[in-house]
Amino acid sequence: MPGTAGLSDAGYLSRHVTFTIMATMKLLYAAFDAYPGYKGAQAHIRSNLMAAKENGYSATLLCLGGEDIFQDPETAAAVHAFPAPDENLLKRSEAFGRFILSKADAMTAAPPDIIHFRDIWSGMPLLGHSVSKKARTVYEVNGLPSVELPGRFPRLARNSSLLQRLRAMEDECLTRSDRVVTIASRTARYLSGRGCDPSKISIIPNSARPPSPDSPAEMTPGFPGAALSREKKVVLYTGTLAAWQGVPALVGAVNLLRHRDDLVLLIIASNRRNITRLRKYTARCGLGISDDHS
């Protein structure tokens, strides 16, 4: 139309329209865990990477593993895996820290917008590197070495200097991170007691996706508990039988409901020694036991 500027009029666009090109936000996720896999750590990593994908982030994962660099087909994350040497835990953590630093060095020209780490072995080298200066940092606390390692390695409980060093590293990660994420209110209270600012702690509980009644896994003969009657209400625990998981407390709770004949506790676990201990405890409670060693 005469006297009207059309959208094809480049001059009109340049005078009246502002184009904003949004750069893709970059997430760096670091974990002293192997990926992919089916344990709890891998489930957490996968969920975080899926959330990043769904929100349009470009994600890079630094982790343990046998393959050097690949793209995770499920989350589209670029995975840089470090083949950890077969040494003791502390030597592996030191080697992993050097791996983290080498990868951070390569990111200085285009640093990440968010740095998310699952452990002090990843967090300490990243927080001390220049790539973290302008990034928002998130410390995902699922466990603390100073608390868990003495349970796995009893001799460490007598090494007070090492435990003090671990606590100092944990405290530094808690203090310097912008956000702290954990799975339980009890852990959040413990972290607050350690001096972490409660206002920056977020609690994201673990969750599960139980199979539907028509799930193929439930119908598979080899699936643990497949023979359970559909009239039964199943309490399912799957995971480690480490002391801090509180599985005996779960057995004790089920024992209080032993008068019901429609309830079954299904425990899926490995580690034969811990299973033997749990079987003895269950027997002392007077609960019936059915073993499936498949």
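Throughout, read-outs are computed from the coordinates displayed, never taken from laboratory work. From a predicted model like this one, the values you see are computed outputs, not experimental measurements. Glycine also receives a Cβ, built like all others from the backbone with ideal geometry; neighbour counts cover every protein chain displayed.
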Long-range HN-HN contacts of residue 265 with modeled amide H, under 5 Å: 235
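Placing unit charges on C-beta atoms (Lys and Arg positive, Asp and Glu negative, everything else neutral), compute the dipole magnitude of segment 90-139 about its Cα centre in debye, rounded to 20. The partial results should precede the final answer.
Numbers: 8 positive and 4 negative charges, 9 e Å.
Value, rounded to 20: 40 debye.
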What list of ³J(HN,Hα) values in whole Hz, one per residue of segment 128-137 in order, does the Karplus curve 6.51 cos²θ - 1.76 cosθ + 1.60 (θ = phi - 60°) give from phi, with Gly and Pro shown as x? x, 9, 5, 5, 8, 4, 9, 8, 7, 10
If the chain between residue 270 and residue 68 were fully extended at 0.36 nm per residue, the gain over the current Cα-Cα distance would be 69.8 nm
Please give the FRET efficiency for residue 283 paired with residue 250, using the beta carbon to beta carbon distance and R0 = 22 Å, rounded to the nearest 0.05. 0.90
What is the distance, in nm, between label points placed 7 Å from the Cα along the Cα-to-Cβ direction at residue 236 and at residue 260? 1.7
How many angstrom lie between the C-alpha centres of segment 226-287 and segment 83-146? 38
